[in-house]
Structures are given as structure tokens and as C-alpha cells.
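Trainee: Have a look at this one.
The values are calculated or read from the model by the stated rules, or taken from the named source; none is laboratory data. These figures come from a predicted structure and were not determined experimentally. Positions of Cβ are generated from backbone atoms using ideal geometry, with glycine treated the same way; all protein chains shown enter the neighbour counts. When the accessible area is computed, the model is the full protein with side chains, heavy atoms only, and any ligands, DNA or RNA have been set aside. Shrake-Rupley method; radii C 1.70, N 1.55, O 1.52, S 1.80 Å.
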Amino acid sequence: MLEFFLKLFFKKGNKKDKDHDSPSQKASYPYALSVFTFLALQSFLATGGSLHLVFPDLPTPIAFTSGRAMHLNLSLLWPLLGIMGSACYFIVEFTGNELYTPKLIKWNFWYLLITILLLLASLALGHTEGREYLEAPFPFKVALLVGFLFFILNLLISIFKNRLLYHPETIIMFSGFLLASLLYLPNLFPVLHPTVDDTFRFLVVHLWEEGSLELVATTVASLWLATLKVVPLNRAKRLILWEAILVLFSGALASAHHLYWIGLPRFWQLIGAAASAIQVIPIVLLGITAFRSLYSSNLNHISLYFFYSSVFWNIVGVGLLGFLLALPPLNFYVHGTYLTSAHSHMALFGFFGFLVLGTSYFILTRRYSLSAAHKKRVKLSVILLNSGLAIMSGSLILTGLLQSYLCYVAGLNFTRTHLLLHPYLLLRAAGGAVFGAGAFLLALEMWLHFFRLVIFQTLQHR
Amino acid sequence: MQSLGVYLITLLVSLLLFGLPLFYSLKPLYEETWPEEAMAGKKIWQEKGCIECHTLLGNGGYSGGDLTFVTATKTKEELLAFLTSPPVLPPAKQLRHIALDPEQAKSVISFLEKVSEIDTHGWPPKPVRNSSAQK
């Protein structure tokens with residue numbers, strides 16, 4: 001019956017040639033390149049903002065509030081763009097079928113890019129909805145959702161067209177994207193009560209990265225490792241399924257750890273603590289896979305540096321620190337301190353960001369031989385990114401612990417506490433500068449690679 | 001095929017396990033009615049991007065302090081004076097807090113008064129010691 005319906009409405013798609021990237025895969029290149037560019041922009045804004053915290057009289061071209069809003073929005077938007085591109089690439093790679101329309105992937109990128117640039121310009125001019133991470137004014141939120149839905153529609157038609165209804169990896173990725181769009185919906189409209197407002201916000205801020213998009217990210221990562229033959233395909237497929245089940249089971253309920261003190265009933269503390277403990281299991285599973293993969297003889301692609309960085313920050317920042325912060329008696333004393341900021345940097349960039357950088361780098365470099373100088377500079381940039389993040393998050397942890405002690409034990413008022421935190425915040429800014437250097441070097445290197453690629457292809461066509 | 005079924009059932013169950021208690025927890029809050037002035041205050045709070053520097057219910061920017069219970073520690077007059085004629089903020093030598101007109105300031109204070117009624121289960125913690133260093 002289903003087969004009859006599929007034959008009637010969807011003509012089977014074209015098979016892809018294994019030795020070359022297909023048009024759908026090539027359409028994901030701009031997504032991958034934009035990731036590096038936006039990261040460089042974000043790190044520039046963030047370093048400026050962190051300096052402004054310590055030297056508030058420093059003249060700046062845009063207001064601190066605008067810069068912070070741009071930084072936060074970028075922290076969600078470029079990983080989203082990156083994971084969209086990576087999902088397209090790996091779905092085609094592993095199903096062997098083209099997506100419904102590569103043209104839509106291409107045009108969708110330009111549409112989303114223009115929307116994001118206008119959104120950032122609007123934030124820079126001070127137009128804000130005043131909701132952390134979701135400051136973008138209403139029209140831009142709608143525009144983003146429309147672009148995202150077109151992307152999902154393309155995936156859905158591809159699933160029908162290529163008979164992928166029983167293909168677990170594709171269905172997991174599709175459900176992850178669909179869930180992300182559903183979680184975004186309640187955030188389109190204004191909400192009066194701050195408790196409801198914050199709860200809706202965390203559906204995106206927490207559940208995108210540790211739920212819906214994590215489903216996509218872990219699937220993409222497993223397929224990436226299988227492509228590199230670091231992990232056997234069968235094991236990767238088993239890992240994808242178990243990861244997905246555990247992420248789903250724990251991810252949604254673990255977002256309760258954001259709801260302890262914002263005006264919801266006490267039982268959320270129990271749910272949040274229990275689910276956050278379960279959330280450690282998929283992290284351990286990924287860690288074990290990463291550790292086992294170290295014995296593989298195929299550890300020769302430089303993109304793996306990003307993968308192992310991601311696993312490290314996932315274990316330390318999401319697993320260890322996230323688990324501790326989710327314990328209600330501890331959370332009571334650290335909620336609303338810089339410790340939360342340390343966790344979000346390690347989770348959003350450390351785990352998710354590095355993973356997206358890795359898959360994006362792989363997509364852009366897989367088919368080309370890379371020079372020794374290029375590899376050296378990319379290695380350096382990964383070292384700088386990791387060192388910068390370690391300095392930033394380390395100093396933020398110290399700042400948060402001291403802030404909690406000064407406020408809740410010593411009983412100092414806010415102004416005195418904040419003045420005593422300045423040396424640590426300055427250290428955070430220094431970490432930001434190191435991170436920024438890495439981000440710029442990486443972006444520059446990827447643009448140079450892109451230009452070399454364009455020149456190479458132009459010469460080949462002549 | 002079987003494993004895909006397990007995945008889809010987990011998806012459904014986890015959404016129900018999270019969504020249903022959340023719905024019943026949020027329902028009474030969603031139906032609350034707030035005075036016009038407090039509603040206008042929330043709008044101003046958002047338009048001015050106050051969350052970038054201040055936290056509310058512990059969420060937001062850490063450079064300006066948490067304002068969940070600010071109306072319990074400062075009088076209305078003190079808050080009005082601060083918001084309409086803002087002082088220089090240490091450690092800055094020039095930078096001042098943004099200024100609001102009196103009507104806007106009253107609305108924001110009304111919003112913050114409503115926020116202070118939210119039950120945060122005792123958060124933020126009361127300081128163990130009352131420091132004399134503040135004086």
C-alpha cells in the first residue's frame with residue numbers, strides 16, 4: 001500500500017557517484033564555509049564585550065547590550081547552519097541518493113544567510129525583543145523559521161522519494177530538525193509571565209543543543225567517523241540508535257534543571273536531577289567510542305582534531321560540570337552566577353560548536369589534498385581555540401565560585417562583589433582573545449582553501 | 001525496523017513525560033492577569049534589553065545584578081530616582097545606567113513588583129554572614 005502510494009507520487013531519486021561529491025553535497029559547502037566566518041565574527045564581538053565588562057568606559061561602535069545579543073544569537077545560528085549543511089552531506093553519503101532538490105538547499109542557504117545578516121544588523125541598531133538568546137525581532141524569527149521549514153520539507157520529500165522511511169539515521173535526523181522547529185514555535189509570540197517566558201526560552205536554549213539538534217549532531221558525527229573508517233559502520237549505526245534513544249529520554253527531562261528556581265513546582269527539582277544524571281550515559285557512550293577509536297589505524301584526517309576536542313568538552317563541560325550544576329542543593333548556590341556561563345561556553349561551543357566545525361571542515365576538505373602548511377595552521381588554530389576556551393571557562397568557574405562565596409556566604413553587596421571579580425573577568429577576556437586568534441586563523445585558512453578550490457576548478461574546466 | 005520503532009516510541013514517550021507536567025505547571029501562570037502598568041513595564045524591560053546586564057529569576061547577564069527581589073530591598077522612591085536620574089556605575093568613570101522617563105520607570109517598577117511575587121523556593125540564598133564590609 002505504502003509502496004504503491006510512493007510509486008504514484010514520488011519517482012525514485014538518482015543514485016550518487018561514490019568517488020565525487022554529488023550536487024546536494026556540493027550545495028552544503030557554503031553552509032560549512034559560513035560556520036568558520038560566523039565563528040570569527042562571534043569571537044570578535046565576545047572579546048569586545050568581555051573587555052567592556054572590565055573597562056566599561058571603553059569607546060565601542062555598538063552598545064554592550066547589542067553586542068551581547070549578537071554574540072548569543074550567533075552562538076545558536078552558526079551551529080544550526082553548520083548542522084543543516086552537514087546533515088545534507090551525510091544523508092546523501094550514506095543513503096547513496098540525491099536529495100529532492102539540491103537547488104533548494106543552495107537557495108535556502110542564501111535566504112538564511114541574508115536573514116541572519118539582517119537580523120544581526122537589526123540587533124546592532126538596538127532593536128531587540130529583550131529575551132536572552134532570542135533577541136531577534138519577530139519578523140526575523142518568522143523568516144528564520146520559514147527557511148528552516150523549507151529545509152525540513154526538502155528532507156521529507158527526499159525521504160519519500162528515496163524510500164528512506166525505514167532508514168533509522170535519516171529518520172533520526174529528520175525528527176531532530178522537526179522537533180527543533182516545534183520547540184522554536186512557542187518563542188515566536190510574546191508571553192507575559194516571566195516564568196512561562198523563561199521556560200519557553202529554554203526549549204530552544206537548552207533543548208536544541210541537548211535534545212533535538214543533538215540527535216542530528218550525534219548521528220552526523222557517527223557517520224563522519226564511519227566515513228573516515230575510524231569506527232566500523234555497523235558499530236556507528238548501533239551507536240546512533242542508542243545515543244538517540246538516550247538523548248531523547250534524558251535530554252527533554254534534563255532541561256528541568258533550568259526550572260528549579262523560576263517559579264515552577266518543586267517536583268521539577270527531582271525530575272531535573274534524575275534526568276541530568278541519566279544524561280551522563282550518552283556522554284560516556286560517546287567517550288568510550290572516541291577512546292576505542294584512538295586504536296584505529298585510520299586516524300589521519302585532520303578534522304578528527306575537532307572531534308576529539310568536542311568529546312573532551314562534552315565530558316568535562318556537559319557531563320561533569322553539567323551534572324554537578326544540576327544537583328539542586330548545589331544549584332541553589334550557583335544559579336545566576338558565572339558558573340552557568342562557564343557551562344554554557346563548554347556545552348555550546350566546546351561540545352556542539354567543535355562538532356559542527358569538524359564536520360564542516362571535513363566536508364570542505366575531504367576531496368582535496370591538503371598542504372603541510374595548511375594542516376599546521378589548522379592544528380595551531382585548534383590548539384588556540386581549545387586553550388582560549390580552557391582559559392575562559394576556567395576563569396569563569398573561578399569567578400562563579402568566588403561570586404557565590406562573596407554574595408551568599410560573606411554577604412557582600414553586588415557592586416563590591418563585582419569589583420572583586422574583575423581580575424578573573426580580565427583573565428576571561430584574555431582567554432577570549434586567544435580563542436579569537438584561533439577562530440580568525442581558522443576562518444582565514446578556510447577562505448584561502450576555498451579560493452584555492454575555486455581557482456583549481458576554474459583551471460580544470462578550461 | 002524494530003529499532004526504529006523503539007526510537008519513535010521513545011520520542012513520543014519522552015515528549016509526553018516532559019510536555020504534560022510542563023503544561024499543567026505552566027497553565028495557572030499563563031492564565032494569570034497582570035495590571036496594565038506591569039504589562040507595560042515588561043514591554044519596556046524587553047525593549048531596552050535589560051536582560052543583557054541584569055538577571056531575573058537568575059537568568060540573564062551577570063554584569064548588573066539580579067533584580068528578582070529588588071523591590072523588596074529598595075523603596076519605590078529609591079528605584080524611581082535611580083532609573084530617572086541614573087548615577088555613574090562603578091568601576092566606570094563616565095558610563096551611566098540608561099535613563100527612563102518617570103512613566104516608563106513607574107511601569108518597570110510595577111513589573112518588578114509583580115516579579116517579586118513569584119515563588120522561587122527561597123532562591124537567592126540568604127547570606128550566611130552579614131558583612132560589615134558593605135558599609
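Trainee: What is the pair-distance distribution P(r) of the stretch A:319-376, computed from all Cα-Cα distances in 5 Å bins starting at 0, with each bin given as a whole percent?
Mentor: Percent of Cα pairs in each bin: 4, 16, 18, 15, 10, 9, 8, 8, 6, 4, 1.
Trainee: Sticking with this structure for a sec: Can you pull the semi-axes for the stretch B:33-119, root of five times each eigenvalue of the Cα gyration tensor, sorted largest first, whole Å?
Mentor: Working: eigenvalues 80, 45, 30 Å².
Each semi-axis is the square root of five times an eigenvalue, giving 20, 15, 12 Å.
Trainee: Which whole number gives the average count of other chain Cβ atoms within 10 Å of the Cβ atoms across peptide A:127-133? Numbers along the way, then the final one.
Mentor: On the way: counts 2, 7, 4, 12, 5, 8, 2.
For peptide A:127-133, the averaged partner shielding equals 6.
Trainee: Still on this structure, please answer the following. Relative to the present Cα-Cα distance, how much length would full extension add between A:Leu420 and A:Thr60 at 0.36 nm per residue of separation? Please list the in-between numbers first.
Mentor: Working: separation 360, 0.36 × 360 = 129.60 nm, distance 2.41 nm.
So the chain would gain 127.2 nm between A:Leu420 and A:Thr60.
Trainee: Among B:91-101, B:15-25, A:358-368, how do they line up by average Cβ neighbours within 10 Å per residue, starting with the highest?
Mentor: Details: B:91-101: 12.7, B:15-25: 14.5, A:358-368: 22.2.
In decreasing order of mean packing, B:91-101, B:15-25, A:358-368 become A:358-368, B:15-25, B:91-101.
Trainee: Using just the alpha carbons, could you tell me how many Å³ per residue the convex hull of chain A encloses?
Mentor: Details: hull volume 72.4 nm³, N = 462.
Here the figure is 157 Å³ per residue.
Trainee: From the backbone phi of the stretch A:209-226, what are the Karplus-calculated ³J(HN,Hα) couplings (6.51 cos²θ - 1.76 cosθ + 1.60, θ = phi - 60°) in whole Hz, Gly and Pro given as x?
Mentor: Values per residue, Gly and Pro as x: 7, 10, x, 4, 6, 5, 4, 5, 5, 5, 5, 4, 4, 5, 5, 4, 5, 5 Hz.
Trainee: If each residue of separation counts as 0.36 nm, what is the full-extension length gain between A:Leu153 and A:Asn300 once their alpha-carbon separation is subtracted? Mind showing how you got there, number by number?
Mentor: Working: separation 147, 0.36 × 147 = 52.92 nm, distance 3.64 nm.
Length difference between fully extended and current span is 49.3 nm.
Trainee: May I pose another question? Mind checking the full-extension length gain between B:Leu95 and B:Leu17? Use 0.36 nm per residue of separation minus the Cα-Cα distance, one decimal, nm. All intermediate terms of the calculation are to be shown ahead of the outcome.
Mentor: Working: separation 78, 0.36 × 78 = 28.08 nm, distance 4.82 nm.
Once the chain is fully extended between B:Leu95 and B:Leu17, it gains 23.3 nm.
Trainee: With all protein chains present, how much of the accessible area of the protein assembly as shown (probe radius 1.4 Å) comes from carbon and sulfur, to the nearest whole percent? Let's see the in-between values first.
Mentor: Working: 17560 of 25330 Å².
Exposed carbon and sulfur together represent 69 percent of the surface.
Trainee: Could you tally the net charge around B:Pro90, taking each other residue with its Cβ under 15 Å from the Cβ of B:Pro90, Lys/Arg +1 and Asp/Glu -1? List each step's numbers first, then the result.
Mentor: On the way: positive: A:Arg416, B:Lys93, B:Arg96; negative: A:Asp57.
Taking every Cβ under 15 Å from that of B:Pro90, the sum is +2.
Trainee: Can you give the local net charge around B:Pro35? Use residues other than it whose beta-carbon is closer than 10 angstrom to its beta-carbon, Lys and Arg +1, Asp and Glu -1. Write out the running numbers ahead of the final one.
Mentor: Values: positive: B:Lys114; negative: B:Glu36, B:Glu37, B:Glu113.
Net of charged neighbours comes to -2.
Trainee: Using Cα centres only, tell me the gap between the stretch B:17-36 and the stretch A:108-160 in whole Å.
Mentor: When both Cα centres are located, 27 Å separates them.
Trainee: Rolling a 1.4 angstrom probe over the protein heavy atoms, how many square angstrom per residue are accessible across chain A?
Mentor: Details: 17740 Å² over 462 residues.
Solvent-accessible surface per residue comes out at 38 Å².
Trainee: Calculate the spin-label point distance for B:Lys126 paired with A:Lys379, positioning each point 7 Å from the Cα along the beta-carbon direction, and give it in nanometres.
Mentor: 5.9 nm
Trainee: Go ahead and estimate [θ] at 222 nm for chain B from helices alone: -39,500 (n - 2.57) per DSSP H run with n ≥ 4, summed, over the residue count, rounded to 500.
Mentor: Values: 5 runs with 68 residues, N = 135.
The per-residue figure over chain B is -16000 deg cm²/dmol.
Trainee: Still on this structure, I have one more. Quote the FRET efficiency, to the nearest 0.05, computed for A:Val409 versus A:Ala274 with a Förster distance R0 of 30 Å and r equal to the Cβ-Cβ distance.
Mentor: Details: r = 28 Å, r/R0 = 0.95.
The pair A:Val409/A:Ala274 has a calculated efficiency of 0.60.
Trainee: Please compute, for peptide A:156-169, the average count of beta-carbon atoms on other protein chains lying within 10 Å of each residue's beta-carbon. Please report the intermediate quantities before stating the final value.
Mentor: Working: counts 0, 0, 0, 0, 0, 0, 0, 0, 0, 2, 3, 1, 7, 1.
So the per-residue partner count for this stretch is 1.
Trainee: Same structure, new question: Ignoring ligands, DNA and RNA and using a 1.4 Å probe, state the total buried accessible area between B and A in Å², rounded to the nearest 100.
Mentor: Details: alone 10690 and 20660 Å², together 25330 Å².
By this definition, chains B and A bury close to 6000 Å².
Trainee: Just tell me how shielded A:411-417 is by partners: mean number of partner chain Cβ atoms within 10 Å of each residue's Cβ, no decimals. The partial results should precede the final answer.
Mentor: Working: counts 9, 5, 7, 5, 5, 4, 2.
For this peptide, the per-residue mean of nearby foreign Cβ atoms is 5.
Trainee: On to the next question. Can you give me the Kirkwood hydrodynamic radius for the stretch A:60-180, using every pair of distinct Cα atoms, in Å to one decimal? Intermediate results must be reported in sequence, preceding the final value.
Mentor: Numbers: mean 1/r = 0.0646 Å⁻¹.
It works out to 15.5 Å.
Trainee: Could you sort the peptides A:166-173, A:318-325 by per-residue average Cβ neighbour count (10 Å cutoff), highest mean leading?
Mentor: Working: A:166-173: 20.9, A:318-325: 19.4.
Result, highest mean Cβ count within 10 Å first: A:166-173, A:318-325.
Trainee: Greater than 30 Å separation of Cα atoms is the criterion. Which listed pairs, A:Lys141/B:Lys42; A:Lys141/A:Lys375; A:Lys161/A:Lys375; A:Lys106/B:Lys43; A:Lys106/B:Lys42, meet it? Walk me through the numbers before you get to the answer.
Mentor: Details: A:Lys141/B:Lys42 20 Å; A:Lys141/A:Lys375 38 Å; A:Lys161/A:Lys375 40 Å; A:Lys106/B:Lys43 38 Å; A:Lys106/B:Lys42 40 Å.
In this structure, A:Lys141/A:Lys375; A:Lys161/A:Lys375; A:Lys106/B:Lys43; A:Lys106/B:Lys42 lie more than 30 Å apart at Cα.
Trainee: Here's something else I'd like to know. Please give, to one decimal in nm, the separation of the simple spin-label points placed at A:Leu125 and B:Val88, each 7 Å out from Cα toward the Cβ.
Mentor: 3.4 nm
Trainee: Same structure again: Among residues other than A:Leu80 whose Cβ falls under 14 Å from its Cβ, what is the net charge (Lys/Arg +1, Asp/Glu -1)? If you can, show how the numbers build up before the last one.
Mentor: Values: positive: A:Lys141; negative: A:Glu209, A:Glu214.
Summing Lys/Arg as +1 and Asp/Glu as -1 gives -1.
Trainee: Which value in deg cm²/dmol, rounded to the nearest 500, describes the helix-derived mean residue ellipticity at 222 nm for chain A, given -39,500 (n - 2.57) per DSSP H run of n ≥ 4 and division by the residue count?
Mentor: Working: 19 runs with 335 residues, N = 462.
About -24500 deg cm²/dmol.
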